[in-house]
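Presented below is the structure to which this report refers.
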Amino acid sequence: MKVLYITPLRGGIGHWSRCLIEELDKLADVTLVTFRKKRKEDEDKPFEKIDDPFILEVIDPSRPHYLIEYNNPKTLDETIELTIKEKPDVVHFIMWAGPQILWFLKEYSRRVRELSIPIVYTLHEVVPHIATEREKKEFLSSYIYANHLVVLTQDAKREIENSDLDIPTTVIPHGNYHAMDKNVVNREKAREIIREKLGIRISKETNVVGFFGFIRKYKGLIYLIRAAPKVLNRFPNTIFFAAGSVELDEDPLAYEREIKALGLEDKFFLYTKYVEGQEFFEAVFKSSDVMVYPYIRISQSGAMITTISMKCPVIISEIGSFIKELKEKGVIRTSKPGEPDSIAKEIIWILEDKKRAEELATYAYKVFEDEYSWKRIAQRYLEVYENVISQR
């Protein structure tokens, strides 16, 4: 089977695709196409070579076709020409929350359908969390030429079913990120790195509560800040940190203002840049007693899955069917969205008995290793491919 696979090859979607491609390569002949420019910020520095070490473990930088540009119709023609040349049995398009690429997705899909080549989309978000009603309609109308949709949660499938789209949809969950843990740091080294990066003191006895990922309003960091005083009343020897870029946040100074207003300047620390380097990346999780994701509008999380893969306990807002499923399996703790008291209660539960918390993290790791393996996920994608090919 020949698959033309179109995806970003950087950031979170790039990591996800890297894991899937590693297994798909064992099952099919996969041609990779990626985005030379996927957003305005790429104008000065187009993406012309994979440089992410995790992705490079699987994909040679010379392998992908660096073709698509968000604002260049010529690259649509070039991608069609490549598609005709490769003669794939199926095209797989990995879509993210990028409205600037919708024109390409829709027109490319229309032309591929004219060539009688089936096309499958994976929608990491059916529509972006921050989309307006007009933008939601634009996203949904851009999917009309797909033969099959794959989404990551039952909630996303219901969103498709409740729209005007009449396209077969399959739920295939996010796989584990166990391969991200290279074991380059232990807990002691991790705390040294965090001390250095944040310029703070952390003893062996200090409780550490972390947050990781791009910082956006819908990720609810403000509620973790507001939960901190309640945790400190019970466990004064605790520090909090958030590590992740604020470049896309609606009000990036809101967190510093809240920290200052609550008098937490020596307890809550922000690292508002991209976390670079394997040692620092691992240190974020391995220095922490718990990672907290107090989201207010999100139903699945790569950051949560990364945390589980680093064997660190997780607290996440109970939003959506996937999070509820994981809670029922006993692999995570959940808090109520937007409620600092609920977040604080769960953090205290973790800190009260660290052996119990460690057992929770170990069990979560095993569940994801068994039930959310990329081998299983790739096999399910192969079944989707075979299904759409048989119907053309």
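Contact map, the stretch 232-243: residues that are assigned by TED's automatic domain parsing to the domain that holds ILE347 and surrounded by fewer than 15 Cβ atoms within 10 Å (Cβ to Cβ) paired with residues that are among the polar types (S, T, N, Q) and modelled with pLDDT of 95 or more, Cβ distance under 7 Å, separation 6+ or inter-chain. Pairs shown: ASN237/THR206; ASN237/ASN207. Of the strands (runs of 3 or more DSSP E) lying entirely inside the stretch 115-191, not one contains at least 2 residues that are assigned by TED's automatic domain parsing to the domain that holds THR206 and among the small types (Gly, Ala, Ser).
For the structure I just gave you, tell me whether ARG216 is buried (at least 18 other Cβ atoms within 10 Å of the Cβ), in the same structural domain as ALA357 (by TED's automatic domain parsing), touching a Leu at 6+ places or on another chain (Cβ under 8 Å) and not aromatic (Phe, Trp, Tyr). Spell out how you get there, then give the answer.
Values: buried (at least 18 other Cβ atoms within 10 Å of the Cβ): yes; in the same structural domain as ALA357 (by TED's automatic domain parsing): yes; touching a Leu at 6+ places or on another chain (Cβ under 8 Å): yes; not aromatic (Phe, Trp, Tyr): yes.
Considered against the rule, which asks whether it is buried (at least 18 other Cβ atoms within 10 Å of the Cβ), in the same structural domain as ALA357 (by TED's automatic domain parsing), touching a Leu at 6+ places or on another chain (Cβ under 8 Å) and not aromatic (Phe, Trp, Tyr), ARG216 comes out as yes.
In the stretch 315-340, the residues that are touching a residue at least 60 places away in the same chain (Cβ under 8 Å) reach residues that are in a helix (DSSP H, G or I) and hydrophobic (A, V, I, L, M, F, W, C) with C-beta atoms within less than 8 angstrom, at least six apart or across chains, in these pairs: SER317/ILE323; PRO340/LEU224; PRO340/ALA227.
Please work out if LEU82 is farther than 19 Å from ALA156 by Cβ, aliphatic (A, V, I, L, M) and not in a loop (DSSP other than H, G, I, E, B). Before you say what the answer is, go through the steps one by one.
Details: farther than 19 Å from ALA156 by Cβ: yes; aliphatic (A, V, I, L, M): yes; not in a loop (DSSP other than H, G, I, E, B): yes.
Here the answer is yes, as LEU82 does meet what is asked.
Being in a helix (DSSP H, G or I) and closer than 30 Å to ASP52 by Cα is the filter here; which residues of the stretch 257-282 pass it? The answer is GLN278, GLU279, PHE280, PHE281, GLU282. Listed by first and then second residue, the pairs linking a residue in the stretch 29-58 that is within 24 Å of GLN278 (Cα to Cα) to a residue that is small (Gly, Ala, Ser), with Cβ atoms under 7 Å apart and 6 or more places separating them unless they lie on different chains, are ASP52/GLY14; ILE55/GLY14.
Tally the residues that are basic (Lys, Arg) and touching a residue at least 12 places away in the same chain (Cβ under 8 Å), restricting the search to the stretch 120-162.
We begin by selecting, within the stretch 120-162, every residue basic (Lys, Arg); these are 134, 136-137, 157-158.
The next check asks that each one be touching a residue at least 12 places away in the same chain (Cβ under 8 Å); those that pass are 157.
Summing the residues that are basic (Lys, Arg) and touching a residue at least 12 places away in the same chain (Cβ under 8 Å) in the stretch 120-162 gives 1.
The values are calculated or read from the model by the stated rules, or taken from the named source; none is laboratory data. From a predicted model like this one, the values you see are computed outputs, not experimental measurements. Note: ideal-geometry Cβ built from the backbone for every residue, glycine included; neighbour counts use all protein chains shown.
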